[in-house]
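Reading through the structure tokens given below for one structure.
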Amino acid sequence: MERLILDQIITHIKNRTPVALVTWLTSGRQKIICSGDNLDHDKLRHVVNNGFLTDRSITVRMDEEEVFVNIFNPKLRMIIIGAVHITQELVPLALQACYDVKIIEPRTSFASRERFSKLNCDVRWPDEALSHIDLDERTAFIALTHDTKIDDLALKIALKSNVFYIGALGSKRSHSKRLERLTTSGFSEQDLARINGPIGLDIGAIGPVEIAISILAEVTAVLRGKLRID
């Protein structure tokens, strides 16, 4: 690999841009492709996009030559609003699934060190805590406080971002009221369709552990393209 290509890949990784290095194995020719680039070659576009979706590198035959598509995806990130009981169960699951987890909880009574020994909770309000975080396409955004002042503020920020998943805790009735409030704030029906609410796959979950499992399952389904919220 040429140093120039390596430097470009490192820069893309630092900028949290999914990038693929395509190498034609016979000729040695290499090409860097970033997420969102327009590609005229249908098969190459499919292979690269599938690689970004699955985090898998692959060797394929293309135009009579073998091609290795090496995927460099930024680390997955999960932003959780609310240090509640579900969060306590969701965090270890997310860490095992290789997410970089950040908890935002302005209610200091919830954000105790005893409840989250492995992670420090950011006790600032979401608008301040999120002001220096790039909410990108490798980020899942989850609102769990069930406090409209906090969740609505956070969701307004998430809806203006490129996160791949948005979910919010609450019953169907509370979610309906949430959508009404956000509509009043200027968000369109298409915007609000991005919110998974009530959060989690409908597996009949009871209690924090099962709800956490249902949430991570839904996040995974959206990440891997098995469930689309448009």
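The values are calculated or read from the model by the stated rules, or taken from the named source; none is laboratory data. Keep in mind that what you see is a predicted model, and the values were worked out from it rather than measured. Cβ coordinates were reconstructed from backbone atoms using ideal geometry, including for glycine residues, and neighbour counts include every protein chain displayed. For the accessible areas, the whole protein counts, side chains as well, though only heavy atoms, and no ligand, DNA or RNA atoms are used. Shrake-Rupley method; radii C 1.70, N 1.55, O 1.52, S 1.80 Å.
At a glance:
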| read-out | value |
| --- | --- |
| Yes/no for L179 being open to solvent by 30 Å² or more (accessible area, probe 1.4 Å), in contact with a Ser or Thr (Cβ under 6 Å, 6 or more places away or on another chain) and at pLDDT 95 or above | no |
| Contacts under 6 angstrom Cβ, first residue in the range 158-179 being more than 23 Å from H132 (Cβ to Cβ), partner open to solvent by 10 Å² or more (accessible area, probe 1.4 Å) and part of a helix (DSSP H, G or I), 6 or more apart | L179/L192 |
| Cβ-Cβ under 6 Å pairs, at least 6 apart or on other chains, the range 7-34 side free of Cβ contacts under 8 Å to residues at least 40 places away in the same chain and under 27 Å from E64 (Cα atoms), far side hydroxyl-bearing (S, T, Y) and in a strand (DSSP E or B) | Q30/T23 |
| Those residues of the range 68-80 which are open to solvent by less than 10 Å² (accessible area, probe 1.4 Å) and at pLDDT 95 or above, in sequence order | V69, M78, I79, I80 |
| Failed item, numbered, when E89 is tested on (1) part of a helix (DSSP H, G or I); (2) open to solvent by 50 Å² or more (accessible area, probe 1.4 Å); (3) more than 19 Å from E218 (Cα to Cα) | (3) |
| Which numbered condition F110 fails, given (1) out of contact with any helix residue (DSSP H, G or I) (no Cβ under 6 Å at 6 or more places or on another chain); (2) outside any loop (DSSP other than H, G, I, E, B); (3) within 15 Å of V84 (Cβ to Cβ) | (2) |
| Among the candidates L4, L44, residue that is assigned to a helix (DSSP H, G or I), within 25 Å of the chain's Cα centre (by Cα) and among the aliphatic types (A, V, I, L, M) | L44 |
| Filtered residues of the range 187-216 (kept if among the small types (G, A, S), closer than 25 Å to S131 by Cα and either in contact with a Lys or Arg (Cβ under 9 Å, 6 or more places away or on another chain) or open to solvent by less than 30 Å² (accessible area, probe 1.4 Å) (or both)) | G197 |
| Residue, least open to solvent (accessible area, probe 1.4 Å), within the range 217-230, restricted to residues that are touching a Lys or Arg at 6+ places or on another chain (Cβ under 8 Å) and among the hydrophobic types (A, V, I, L, M, F, W, C) | V222 |
| One residue from A83, A129 being within 25 Å of N15 (Cβ to Cβ) and surrounded by 15 or more Cβ atoms within 10 Å (Cβ to Cβ) | A129 |
| Residue that is least open to solvent (accessible area, probe 1.4 Å), among those in the range 154-170 that are in a loop (DSSP other than H, G, I, E, B) and farther than 21 Å from G36 by Cα | G170 |
| Filter result for D151 (acidic (D, E), surrounded by fewer than 18 Cβ atoms within 10 Å (Cβ to Cβ) and closer than 26 Å to S188 by Cβ) | no |
